[in-house]
Amino acid sequence: MSRPTIAVVSVLVLLSVIGLSNAAAATPSITKLMPAWGQIGSPVSLYGQNFGANSVVLIDGTAIATTVISSDKLSFIMKGPSARQWSVAVRAGTGETSAPLIFYYAEVMLSKSYQVNEIVYIVGDFGQIPTKDKIQVSKIDNSMRTSATYINETTISFTLSQSLWEDSGFGLYDGESQILTGVYGFRYAPVVSGMTLSVDGVAFTGYKFSGTNKMSVNGQNCPLSSTTDTNIVCAPILADMLSPTGLISVSLSTGQSTTKSYSLTPLTYFLNNLDNNIQSCSLSLTNLDTSLQNIFVRMMDVVPKIISPNIISASQVIFPYLEVSRCSYAFLSSSSIRISNNLVICPTPIINSFTKPDSTNSLVLTVIGKFLDPSLYANGVNSQVLTFKYDYGDGSNVLNNCVPNSIWNPSDSTYTLKCTVSKMSPFKFYIETITDHRASVFVGYSPIITSCTSTNYLVPGLVTITGDRFSSFGLNVSIADIPCQNPQVSAGGTQIVCLFSSDKVMSDFSIGLPVKVAIESGYSAENSVFKYSRPSPVISTVTSLVYDTVGQVTIKGQYLYSSIIAVTIGGAQCASPVASSDGVLISCALSTILGAWPDSMNAFFDVVVTVDSTYSTTKTIFQYTRPSPVISSSSSTTYGTPGQVTLTGKYFSPAPGLSVTIGNKQCTNAILLSDTLIICSFASDAMISDYNTPLAVTVTINNLYSSTRAVFVYIRPNHVITSASSLTYGTAGLITIYGKYFTPSTTISITIGDSPCTSPISNPEGTQLTCAFSATLPLGNSYDTLFSVVVIIDKFYTNTQNVFKHTRPNPIIDSTSSTTYFSPGRVTLTGDYFVPATDILVIIGKSGECKNAILVTNSIIECDFTSDVLVSEFKTPLPVTLTINSLYTSTNTSAFKYIRPNPVITSATPTKYLSSGQVTIAGDYFISPDSIEVTIGGDLCDSPIISHSKQITCMFKSTVKPVGGEPLEVTVTIDKTFIGSLKAFLYTKEGVTSCPLGSNNLVCSNHGTCNLAQFQCLCDQGWESSDCSIENLGAVSTPPTVNENNSSTTISTPSGNTFDVGLVMINELDSIGTTIIQSVDIGHLTWGEVTKSNNTYRYKTQITNNNSTLLVTLTINNLDQRQYYNFAGDIMTSPAKLYNEQSTTTTTTKLVDGSVRNVQMTLNGETLIGTFSDRMIVDNRPAYNKVNQLTVEQITAKKLDKSSSTYISISTPFFKSSVVVDPNFGMLVSSAPSSDECESKGMPSWKLAVIIVCSVVGVSLIVVAGAILFRMNATKVIELKHKMINLKKKQYR
């Protein structure tokens, strides 16, 4: 595969030079126009060179009148066709013409221009002006100028000054050319710089004001009170300030005006409150600023009243009315400043006393009270705001107006009113304000009752009461103290119509009932003028008697009350009749049997009632009731055995719907044989408590006539046994025996298999017996043996059935043997109830199956346990569950304990020699000790802390001197008994004093923290690489492709590049390290075993020439976050899935000893970055690593492929058993090559080759992935670990 070629393109630039010929006469030239903008008629000066006496200005090619001022200056008046710009040139007398300049159109439209207070907006066409930022406005005489603001093509603005205002116009000035382009007349409106709303009026400050100005408030004229050039004041009409927001304008006589808006605290409504004859007012506001000083209520009367409030809040102001107060416009002020709108408020009128009109005073009503002034003052005018009316309440529904004369009494601040009424009858007098506040007084007279109409007794109806001085105010009407509902006054107060219930009980209808009329204030009258109209009696129902009996009969109806009553039934007298007081019942005694049985059962008899010997009524309604049947005796059946029952008695016929029950159980198919005989079929299933007490027999006819008598007795049967419940063997408990006829019983005796079952109890139905049993009958060889159950009742009734057997118990575990944690072993269970057992399942610790379980004896089971159930400590036993035959399971028994293993040490992080620091020890079995001790090289590592079961941290003083690069021994002692050690500790390499510097010459590129123990960068989130110089932009790339047949990996980049990472060759050197003894081409090996698990690929094969096994492990890490892993104590970083767009070059980062720490391989702007640990694991011990990049000469000498390949050499010391190297290729960055470059070069790639070189005294590994090499005597095992981060991809911008 060829290297990419860089193409270089040369651009030849031709430059042409044009020569100027000498002319007989110089051609004119223009350098500038002053001004460069304006309109038709604007004066323009033109500057340039070579102007002659005959030079003329050309506008769009047309000559116009020109004034030649000098050889470098012309002037003209702008003329030309209608356009937005014109071409301006100069033509010499000899015909030579200059290059043109542009004169731009600008126009002012005064009719559309306008003023907003001090800002004047000039409307026109200004889009062509080239120097918009230099437009100015001047006085007409150009004596003063101010900057103009360009707003858009049609509008510019400027701020008006008093000097400009006095000009009544303005000039447009070009600041670029310093020339006045035009003068325009403009009538300015007054300018308002400030506004004050005081208690006296509205004041504007500004200019220019005069007595001819007009002011308005909310569109209404506001009379001027004072005027100067800079100040104008008006007093608004009170009614014009009712809104909290509005507009105030000042205008000239010519119509120009300036308007300002105002916003006051909204004064919305008011409430009055009268307490101890002192009236206060509560004003409701919105968001009053309570921090204001001197807040007053101002009531605008002829003499304004200033009242200090009692209570002030953001929403309420409360103040007392002055006794001289009347309806007024009111507002709030802070000192002399108005802070609210106007609101009309009125005190509620108060009536203190009155004099009743009568014949002695010519029907004149006199009222004395407060706040009765009827007028409202507003801007010098009084208007009527109180009304005075009275209402007789006589049904006319007319309010009578009263125009009283009002007299003020200054001594007590009261008013005296006099008003003449039309008649001497009760009335209400009203005083009401325009704000709907009202006072009233009732003037009463006693009513007069002369007559009343009648109603029928006990029949509600309307009555009409006649009299005088009736009024609807507080009207109550009653007759005999019973309210007469909904009384209505009519006919000028001479009649009342109301609804009377007519339910006053009467014994003498000739007596008149009292009628009472009461009105407001206790005026009333009473007269006994009401009488009922009596009706004839009415019969509705009559109670019945059972045939062949005598007794009381009740007659129901209406109008039955009287002291003289006579009753007959079927012609026979019903003695001692008594009527109820409400006239709806009569009861009497009937002692005669009417008619004969059974004819009288269907007959109806006349009932006659006569009252007062005059009023009589008759109704054929009385009828006898059928008597219930009578039961005399009953035959018997055997309990539980159906049979026929015969009943004797009387009144059985006729018998439609005949029903018979015995003991509440139906006796079916009941048949009437005669009036005295019934037969039926009985199931004999009615429960009894004993056989001597008769059961109740009930005979019911037609669901109406029923009789009950206890006459039925059972014949007792022998009891029956059908089954029995079981008990778990060896567990005493209650047994239930099922059958029937166990009750009633006096004594019960039960035996099971000749053993007593004690304390027998029967259920109420007699179908179950329960008793206490020991459950220890001899079993033999089976739990299926049936035992006899014998039940004896009352020492006479006996039954025996073989229905009882034992239930097999669940197995019981007493103890288990132990195994060492994570060391498989044989476990022995001891207990009981293990047999018989055809299938055995043992679970230890909820999920750990103990396999190959066998039954050794009746009480011993053995099984194989892998000992891999995780625990957090070794003191608490694990639960053990035993299941036999898939049915019988023991309860979870906490019986199994692990034997604690010695701790295992795999690695330790470094510190710098003679610099105290924290050491992290990785391993296993550090689980929850009572005590722990850590030593490194024999010295204590203080304050050991177990982070989790596989990690310990401690503080090491780092004073143990290293010997020849040999690792120090790390020893962990747990609970003073369990000890593990490994030569695992190495100091940080000598000479390493700082972390890597980035391209900005800052430690860790200033994007990370230096780990002073390992001198490695811990990068901040979002930064990667050994020097934290690469920003993680978080893009996504496709996962690498695993070549499953040759242990290599292909990384395809977004731009089409590919990187191949793989193991290529193993070379074994002689003892000197210069001669290759044997070379193995890994790329052509046949892999004997290839496996995959999740993201891990394993390749295994034999190297036959030196009896070695090669094992390559490839892991794809696809996590979205940075990962840290411990390799021989070196904390390596795997960045998050990363693909960035950056510009990189192929570089290597080296440590102090020249060992390569990072390698970057760049192809077409995309770079793969690999990281190498400065350590390797030699014979299970950490050792310092040395990594070098092969030179071209070394690659040539080894006859390696030089195209698109990089080789890294890793040297190791002599080893006996194994060596481990673990690099990481975790980042792909890109400088975003162009898409056409990718297309033109196809898909280039870079081969990243791995060569392992072995010798007798040492090993040199050439890798871009990680490798582990093992050697044990004659057998060698080589394993390659390849960790590859799943790369993120990002689209090119």
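Quick notes on this one:
- Candidate set from segment 563-582 (those that are surrounded by 12 or more Cβ atoms within 10 Å (Cβ to Cβ) and touching a Phe, Trp or Tyr at 6+ places or on another chain (Cβ under 8 Å)); member that is modelled with the lowest pLDDT: Asp582
- Selection within segment 506-522 - open to solvent by 60 Å² or more (accessible area, probe 1.4 Å) and part of a loop (DSSP other than H, G, I, E, B): Ser507, Asp508, Ser510, Ile511
- Whichever residue in segment 441-471 is open to solvent by 60 Å² or more (accessible area, probe 1.4 Å) and part of a strand (DSSP E or B) and, among such residues, is farthest from Leu560 (Cα to Cα): Asp468
- Residues in segment 887-911 that are open to solvent by 30 Å² or more (accessible area, probe 1.4 Å) and at pLDDT below 90 were compared, and the one that is farthest from Pro809 (Cα to Cα) is Ser894.
- For Gly991, the stated conditions do not hold, so it cannot be described as out of contact with any strand residue (DSSP E or B) (no Cβ under 9 Å at 6 or more places or on another chain), free of Cβ contacts under 8 Å to residues at least 24 places away in the same chain and either farther than 30 Å from Ile840 by Cα or of a type outside the set (S, T, N, Q) (or both).
- Taking the criterion of being without any contact (Cβ under 8 Å) to a residue 40 or more places away in the chain and of a type outside the set (Ser, Thr, Tyr), the residues of segment 928-949 that qualify are Val934, Gly938, Asp939, Leu940, Cys941, Asp942, Pro944, Ile945, Ile946, His948.
- Strands (runs of 3 or more DSSP E) fully within segment 178-263 that include at least 1 residues being open to solvent by 70 Å² or more (accessible area, probe 1.4 Å): 179-185, 191-197, 214-217, 224-227, 245-251, 257-263.
- Verdict on Asp167 being open to solvent by 70 Å² or more (accessible area, probe 1.4 Å) and modelled with pLDDT under 90: no
- Remark: pairs (first residue in segment 855-867, on the phi > 0 side of the Ramachandran plot and in contact (Cβ under 8 Å) with a residue 24 or more places away in the chain; second residue among the polar types (S, T, N, Q) and part of a strand (DSSP E or B); Cβ separation under 8 Å; 6+ apart in sequence or on different chains) = Ser867/Thr820.
- The set of residues from segment 793-812 being open to solvent by less than 50 Å² (accessible area, probe 1.4 Å), assigned to a strand (DSSP E or B) and at pLDDT below 90 comprises just one member, His806.
- The single condition among (1) hydrophobic (A, V, I, L, M, F, W, C); (2) touching a Phe, Trp or Tyr at 6+ places or on another chain (Cβ under 9 Å); (3) open to solvent by 50 Å² or more (accessible area, probe 1.4 Å); (4) in a loop (DSSP other than H, G, I, E, B) that Ile688 does not satisfy is (3).
- Single residue of segment 745-759 satisfying the filter (under 25 Å from Pro809 (Cα atoms) and open to solvent by 40 Å² or more (accessible area, probe 1.4 Å)) that is farthest from the chain's Cα centre (by Cα): Asp754
- Of the criteria (1) over 16 Å from Gly1129 (Cβ atoms); (2) open to solvent by 30 Å² or more (accessible area, probe 1.4 Å); (3) more than 51 Å from the chain's Cα centre (by Cα), which one Thr973 fails: (2)
- Count of segment 829-850 residues which are open to solvent by 40 Å² or more (accessible area, probe 1.4 Å) and either within 17 Å of Ile812 (Cβ to Cβ) or of a type in the set (A, V, I, L, M, F, W, C) (or both): 6
- Within segment 586-603, residues that are within 12 Å of Ala575 (Cβ to Cβ) sit with their Cβ atoms under 8 Å from residues that are part of a loop (DSSP other than H, G, I, E, B) and open to solvent by 70 Å² or more (accessible area, probe 1.4 Å), at 6+ positions apart or across chains, in these pairs: Ala589/Val550; Leu590/Val550; Ser591/Val550; Thr592/Val550.
- Extreme residue, farthest from Gln488 (Cα to Cα), among residues of segment 410-427 that are part of a strand (DSSP E or B) and open to solvent by 40 Å² or more (accessible area, probe 1.4 Å): Lys418
- Just so you know, in segment 294-303 the residues that are open to solvent by 70 Å² or more (accessible area, probe 1.4 Å) and within 26 Å of Trp408 (Cα to Cα) include one that is modelled with the lowest pLDDT, and it is Val302.
- Boolean, Asp548 is in contact with a Pro (Cβ under 8 Å, 6 or more places away or on another chain), assigned to a loop (DSSP other than H, G, I, E, B) and open to solvent by 50 Å² or more (accessible area, probe 1.4 Å): yes
- Here is the figure for segment 775-792: residues that are crowded, with 16+ Cβ neighbours inside 10 Å and touching a Phe, Trp or Tyr at 6+ places or on another chain (Cβ under 7 Å) total 4.
- A count restricted to segment 961-978 and to residues that are at pLDDT 95 or above and farther than 13 Å from Ile921 by Cβ stands at 0.
- Extreme residue, surrounded by the most Cβ atoms within 10 Å (Cβ to Cβ), among residues of segment 319-353 that are aliphatic (A, V, I, L, M) and closer than 20 Å to Lys370 by Cα: Ala330
- A Cβ distance below 6 Å, combined with a sequence gap of six or more or placement on separate chains, defines the contacts here; from segment 1003-1032, residues that are in contact (Cβ under 8 Å) with a residue 60 or more places away in the chain reach residues that are open to solvent by 20 Å² or more (accessible area, probe 1.4 Å) and of a type in the set (A, V, I, L, M) in the pairs Asn1011/Leu1018.
- Subset of segment 723-744 (residues that are modelled with pLDDT of 90 or more and open to solvent by less than 60 Å² (accessible area, probe 1.4 Å)): Ser723, Ala724, Ser725, Ser726, Leu727, Gly733, Ile735, Thr736, Ile737, Gly739
- Within segment 366-387, residues that are surrounded by 18 or more Cβ atoms within 10 Å (Cβ to Cβ) reach partners that are in a loop (DSSP other than H, G, I, E, B) and of a type in the set (Val, Ile, Thr) with beta carbons closer than 7 Å, at six or more positions or on different chains, in the pairs Phe371/Thr348; Pro374/Val385; Leu376/Val385; Tyr377/Val302; Val385/Ile434.
- All positions within segment 999-1026 that are open to solvent by less than 50 Å² (accessible area, probe 1.4 Å) and modelled with pLDDT under 85: Asn1011, Ala1013, Gln1014, Phe1015, Gln1016, Gly1022, Glu1024, Ser1025, Ser1026
- Tally of residues being more than 26 Å from Thr693 (Cβ to Cβ), in contact with a Ser or Thr (Cβ under 8 Å, 6 or more places away or on another chain) and not hydroxyl-bearing (Ser, Thr, Tyr) across segment 628-657: 1
- Check on Ser815, assigned to a strand (DSSP E or B) and within 60 Å of the chain's Cα centre (by Cα): yes
The values are calculated or read from the model by the stated rules, or taken from the named source; none is laboratory data. Note that the structure is a prediction, hence the values are computed from the model and not measured. Positions of Cβ are generated from backbone atoms using ideal geometry, with glycine treated the same way; all protein chains shown enter the neighbour counts. Ligands, DNA and RNA are excluded from the accessible area calculation, which covers all protein heavy atoms including side chains. Shrake-Rupley method; radii C 1.70, N 1.55, O 1.52, S 1.80 Å.
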